[in-house]
Amino acid sequence: MEFEGTVYRIMPVTKGTSARGEWQRQDVVFDYSDGGNFTRKICVTFFNRPDDTARLKEGAVYNVSVNIESREYNGRWYTDIRAWRLQPKQAEAPAAMPDLPPMGTEPAYAPAPAAEVDDLPF
């Protein structure tokens with residue numbers, strides 16, 4: 001799944017060691033609007049991705065690709081939202097300059113078509 005969200009809050013880094021080695025986890029809360037009147041908060045986990053979280057800025061807009069997974073533990077269900085790609089929102093193309101006239105179908109510097117010459121005898 002992919003969504004566009006604004007960074008609301010960057011939570012502190014959590015570090016630890018497991019049987020596979022050291023790990024690092026950081027949660028980031030995004031404001032997400034699905035086009036309705038209300039925004040929703042989504043807490044996304046960045047697991048072993050310190051480069052991605054280091055460039056985040058609160059208030060900036062990003063396109064975030066995530067995997068959503070739920071699991072059961074002792075009769076309760078828990079949901080993880082893990083980021084696997086983060087891209088800053090692309091700036092929209094600049095509008096045409098208003099002081100320039102619009103381009104016609106043929107550029108103004110193109111030579112005019114030559115008049116037909118009738119070289120046949122009468």
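The values are calculated or read from the model by the stated rules, or taken from the named source; none is laboratory data. Bear in mind the structure is a predicted one, so any value in this text is a computation, not a measurement. No Cβ is skipped: glycine too gets one built from the backbone with ideal geometry, and neighbour counts run over all protein chains shown. The protein model used for the area step is the full one, side chains on, heavy atoms only, and it has no ligands, DNA or RNA in it. Shrake-Rupley method; radii C 1.70, N 1.55, O 1.52, S 1.80 Å.
Identify the residue in the range 1-51 that is hydroxyl-bearing (S, T, Y) and closer than 17 Å to I68 by Cα and, among all such residues, is modelled with the highest pLDDT.
Among those residues, the one meeting the criterion is T45.
Could you list, ordered by first residue, the pairs with Cβ atoms under 8 Å in which the first is in the range 46-67 and closer than 9 Å to Q26 by Cβ and of a type outside the set (D, E, K, R) and the second is at pLDDT below 95 and not in a strand (DSSP E or B), at least 6 apart or interchain?
If the second residue must be at pLDDT below 95 and not in a strand (DSSP E or B), the pairs left are F46/D52; F46/T53.
Do you know which residues across the range 21-61 are open to solvent by 30 Å² or more (accessible area, probe 1.4 Å), part of a helix (DSSP H, G or I) and under 11 Å from I10 (Cβ atoms)?
Scanning the range 21-61 gives a single hit, A54.
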